[in-house]
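Asker: First, the structure itself, so that you have it in front of you.
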Amino acid sequence: MPRLSPARQQAVSVSVATGAYAISFGALSIAAGLDLWQTMALSLLVFSGGSQFAFVGVIAAGGTAAAAVVTSTFLGLRNGFYGVGLAPAMRPMHGMRRAWAAQVTIDESTAVALAQPADDQPARREGFWWTGVGVFLAWNAITVVGALLGSRIGDPAQWGLDAAAAAAFLGLLWPRLASRPAQAVAAASAVLALALTPVLPAGLPILAAAVVAVAVGWRPPASTQEVPE
């Protein structure tokens, strides 16, 4: 049996690990009041774990559908920016192949692709496709399992499934908090979200907290003065 390349080995590992916590999404979606078909549609069409957890989280907290959609969309915007880093390895693409690539451009496929050597574009493409398609298949299959179990296991909180979204977000966020400015922005956003939670509808504190990061990122770079020789 031929040995898998390093990129494919990473892709398979990531696909299995990521797909596993789709059972949490399926169960939480049913607990939030969505039915099986709505839950499946979210995984098939949205296919962004963070956005999906945010959507059902807002609904479960009593938020409006509009707040759920806005919160989910805001979190999903990051996937569009991944294309900048992936473009050199993925070009050229056209038609349905390009549309399918857009659908499976997620945190995991981007991470595995960019983890390959920068001078090995075929390995980056391999990592992207194997991870993207692998996660898509695993995520959607296990979402169904979680949704079917959701009506039978009772309160997902009793099984710790309600913590899956927070754990996933923290896992994605933690590596990005290496610098002090990033830590300061995260802390300020968290404080603002906590302060607004008692007074705003579900979903809106998250959007308000995001304004902190937008405000910091919107500042023009500090001008540098030339030092005379």
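The values are calculated or read from the model by the stated rules, or taken from the named source; none is laboratory data. Since this is a predicted model, take the numbers as computed values, not measurements. Every residue, glycine as well, gets a Cβ built from its backbone with ideal geometry; the counts of neighbours run over all protein chains shown.
Asker: Is one or more of the residues making up the stretch 118-134 at pLDDT 90 or above and among the aliphatic types (A, V, I, L, M)?
Answerer: Scanning the stretch 118-134, I find at least one residue that is at pLDDT 90 or above and among the aliphatic types (A, V, I, L, M), so the answer is yes.
Asker: Considering only helices (runs of 4 or more DSSP H) fully contained in the stretch 1-52, which possess at least 3 residues that are polar (S, T, N, Q)?
Answerer: Of the helices (runs of 4 or more DSSP H) lying wholly inside the stretch 1-52, those with at least 3 residues that are polar (S, T, N, Q) span 6-20.
Asker: Return the residues of the stretch 1-22 that are touching a Ser or Thr at 6+ places or on another chain (Cβ under 8 Å) and not polar (S, T, N, Q); say none if nothing qualifies.
Answerer: Ala11, Val14, Ala22
Asker: To continue, here is another question. What pairs come up if the first residue lies in the stretch 28-47 and is more than 15 Å from Ala141 (Cα to Cα), the second is surrounded by fewer than 21 Cβ atoms within 10 Å (Cβ to Cβ) and of a type in the set (S, T, N, Q), and their beta carbons are under 6 Å apart, counting only those six or more places apart or on different chains?
Answerer: Ile30/Ser151
Asker: While we're on this one: List the residue pairs whose Cβ atoms are under 7 Å apart, where the first residue sits in the stretch 179-193 and is surrounded by fewer than 15 Cβ atoms within 10 Å (Cβ to Cβ), the second is modelled with pLDDT of 80 or more and assigned to a helix (DSSP H, G or I), and the two are 6 or more positions apart or on different chains.
Answerer: Final answer for the pair search is none.
Asker: Answer with yes or no whether Val144 is modelled with pLDDT of 90 or more, under 30 Å from Val84 (Cβ atoms) and not in a loop (DSSP other than H, G, I, E, B).
Answerer: Against the criterion (modelled with pLDDT of 90 or more, under 30 Å from Val84 (Cβ atoms) and not in a loop (DSSP other than H, G, I, E, B)), Val144 does not qualify.
Asker: Looking at the structure I just gave you, is Gly62 in contact (Cβ under 8 Å) with a residue 24 or more places away in the chain and more than 20 Å from Trp129 (Cα to Cα)?
Answerer: Judged against the criteria, Gly62 is a match.
Asker: Does at least one position in the stretch 111-125 carry a residue that is in contact (Cβ under 8 Å) with a residue 24 or more places away in the chain, over 13 Å from the mean Cα position of the chain (by Cα) and outside any helix (DSSP H, G or I)?
Answerer: Yes: the stretch 111-125 contains one or more residues that are in contact (Cβ under 8 Å) with a residue 24 or more places away in the chain, over 13 Å from the mean Cα position of the chain (by Cα) and outside any helix (DSSP H, G or I).
Asker: Hey, can you tell me all the residues within the stretch 1-41 that are farther than 28 Å from Phe128 by Cβ and within 17 Å of the chain's Cα centre (by Cα)?
Answerer: Leu28
Asker: On to the next question. Hey, can you tell me all the residues within the stretch 30-73 that are within 20 Å of Leu149 (Cα to Cα) and surrounded by fewer than 18 Cβ atoms within 10 Å (Cβ to Cβ)?
Answerer: Residues satisfying the conditions are Gly33, Asp35, Leu36, Trp37, Gln38, Met40, Ala41, Leu44.
Asker: Which count do you get for residues in the stretch 77-109 that are at pLDDT 90 or above and within 15 Å of Thr18 (Cα to Cα)?
Answerer: Selection size over the stretch 77-109: 4.
Asker: Of the residues that sit in the stretch 89-110 and are over 20 Å from Leu77 (Cα atoms) and without any contact (Cβ under 8 Å) to a residue 12 or more places away in the chain, which one is surrounded by the most Cβ atoms within 10 Å (Cβ to Cβ)?
Answerer: Filtering first and then ranking leaves Met93.
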